[in-house]
1. Please go through the range 103-117 and give me each residue that is surrounded by fewer than 21 Cβ atoms within 10 Å (Cβ to Cβ) and either assigned to a loop (DSSP other than H, G, I, E, B) or acidic (Asp, Glu) (or both), ordered by number.
2. Among the residues of the range 434-462, write down those that are within 32 Å of the chain's Cα centre (by Cα), of a type outside the set (Val, Ile, Thr) and surrounded by 13 or more Cβ atoms within 10 Å (Cβ to Cβ).
3. Tell me which residues, restricted to the range 466-496, are without any contact (Cβ under 8 Å) to a residue 24 or more places away in the chain and more than 29 Å from Leu136 (Cα to Cα).
4. Tally the residues that are more than 24 Å from Ile449 (Cβ to Cβ) and either assigned to a helix (DSSP H, G or I) or without any contact (Cβ under 8 Å) to a residue 24 or more places away in the chain (or both), restricting the search to the range 365-400.
5. Kindly check whether there is at least one residue in the range 247-263 that is more than 18 Å from the chain's Cα centre (by Cα) and open to solvent by 40 Å² or more (accessible area, probe 1.4 Å).
6. Can you tell me which residue among Leu347, Leu374, Leu351, Leu321 is over 17 Å from Phe430 (Cβ atoms), buried (at least 19 other Cβ atoms within 10 Å of the Cβ) and not β-branched (Val, Ile, Thr)?
7. Can you name the strands (runs of 3 or more DSSP E) wholly within the range 46-102 that have at least 3 residues being open to solvent by less than 10 Å² (accessible area, probe 1.4 Å)?
8. How about the range 174-193: which of its residues are more than 16 Å from Ala47 (Cα to Cα) and touching a residue at least 24 places away in the same chain (Cβ under 8 Å)?
Amino acid sequence: MHLEIENIFTSQLPADSNETNETRQVLNACFSYVFPRIPSNPKLIHASSEVAELIGISKEDLESEDFLNYFSGKKVIPNSRPYAMNYAGHQFGNWAGQLGDGRAILLTEIKHKDQVFALQLKGAGSTPYSRRADGLAVLRSSIREHLCSEAMFHLGVPTTRSLSLILTGDTVLRDVMYDGNPNYEKGAVVCRVAPSFIRFGNFELFSSQNDVPTLKLLTDFTIKNYFPDITSDGKEKYLEFFKSVANKTREMIVHWQRVGFVHGVMNTDNMSILGLTIDYGPYGWLEDYNYNWTPNTTDKEHRRYRFENQPNVAQWNLYQLANALFPLIEEAKPLELLLQEFQQLYLSDYLDMMRSKLGLKKIDAGDGKLISKLEKNLQLSETDMTIFFRELSSVKKNASPGSAIATINEAFYKPEEIKKEILKAWENWFEKYLNRLNLEDHSDEERTIAMNSVNPKYVLRNYMAQVAIEAAEKEDYTILKELHGLLKKPYEEQAELDKWYAKRPDWARDKIGSSMLSCSS
């Protein structure tokens, strides 16, 4: 297996001079060199041939001993030097200071077909940034990350990718619900792939330390390597950079809202500077259309990271990035204008996105009210978001409100509740929606195709991941592989796998892992 090593991050940015692997505060350095923990008996569970091909690894390579050794952390890739990034961040709205890669180690950066990819092991052991943790990961969280990364990519959502899922052969002690009842679980590592894993928090760190030279060095490096369209100089360069990051972040959030994805831990250290979905922890997809739902048990009280609030949190996080970049710009007003623009552009993009979900190509003055009323109706009774929008594409222009309701009936968790005031609300909405559809020029068939290209049939519901996890813990990986294949084609019918097109079963409503999750990994 040959990989073309291209370590731009470590060759162009300052390293930690202390190479001992001890928890500590690290100053004036973007990273620390560190070796992965050597696993006792690694075993490849699953690898994505698609991601492998993307980075220049053949199918034969995937089956090799070298692949197993390199991507489990057992051996170091020749001519590489693994490292952990140094960054800070705000967690749940509070400044947390230095954080860094506490359980992630970047193996190397490689070049393939003129593209550079960073290869990162999650769960590969402690680093100087692990604080009081062991830097390891368990099978259940690793399965969730491996499946979700690829599911999001095929949904069209900007994301990191996942190359491989490997058992380490070691056990890891974890307290799943933080209730004082820890248990040993199977350890695992995932290899994540992205152009870069630089986060908002990388910039926050140096700004908070008043280390402007390193802040400038990092920002110039990021612009040069990942934002080549920016050619201006001085303050204007950094303003263009911030604007580009804001645009990429907005695009990512619109996609999250489109498919009903809830990240669960939108801390600034979990925000990619490239607008990629990163760090899959207690994430989830909306089952019933609940604005207030968060998948994170840690967030249960205040619900900061609930579905409805994700755009606001993204803007808040951008405020923190603006503060971090301020020493390079030294003017608040242009940054404030860009932050205001973020909100305005998001609202416009959201409206366009919702039109696409409803099969509306033209723009009508009443679209905002139509969408707002729909969002309220979806919360009158438990209504499955994914199934509702998928079935909505089958509604014909000449339908009656009653027959249209019958078409989407499968989306209701309790169809018996759709009566009286709730039924009237839906009849009223469908009357307006059908009138709006008849303003469109495209046929029912054309609209169905368009709607089904933005409204997925299959998403990685938490109960689906949990079923795969429980089987994998018994060394049965068939469901894991089946879901991995299913989620590559989320917009296609896949009749043979239609069993996964279903509402959350009752047993999964409150079950650990199938409803809310903790950050335990």
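1. Going through the range 103-117, the residues surrounded by fewer than 21 Cβ atoms within 10 Å (Cβ to Cβ) turn out to be 111-116.
Residues satisfying the conditions are Lys113, Asp114.
2. Of the residues in the range 434-462, the ones within 32 Å of the chain's Cα centre (by Cα) are 446-462.
With the extra rule that they be of a type outside the set (Val, Ile, Thr), the set shrinks to 446-447, 450-453, 455-458, 460-462.
Within the range 434-462, Glu446, Arg447, Ala450, Met451, Asn452, Asn455, Pro456, Lys457, Tyr458, Leu460, Arg461, Asn462 qualify.
3. Ala495, Glu496
4. Total meeting the criteria: 8.
5. no
6. Being over 17 Å from Phe430 (Cβ atoms), buried (at least 19 other Cβ atoms within 10 Å of the Cβ) and not β-branched (Val, Ile, Thr) holds for just one of Leu347, Leu374, Leu351, Leu321, which is Leu321.
7. Values: elements: 83-85, 88-91, 94-98.
Hits in the range 46-102: 83-85.
8. Arg174, Asp175, Val176, Met177, Tyr178, Glu185, Lys186, Gly187
The values are calculated or read from the model by the stated rules, or taken from the named source; none is laboratory data. Just so you know, these numbers come straight off a predicted model, no measurement behind them. Because the Cβ atoms are built from the backbone with ideal geometry, glycine has one as well, and the counts that use them run over all protein chains shown. Ligands, DNA and RNA are stripped out before the accessible areas are found, and what is left, the full protein with its side chains, is counted by its heavy atoms. Shrake-Rupley method; radii C 1.70, N 1.55, O 1.52, S 1.80 Å.
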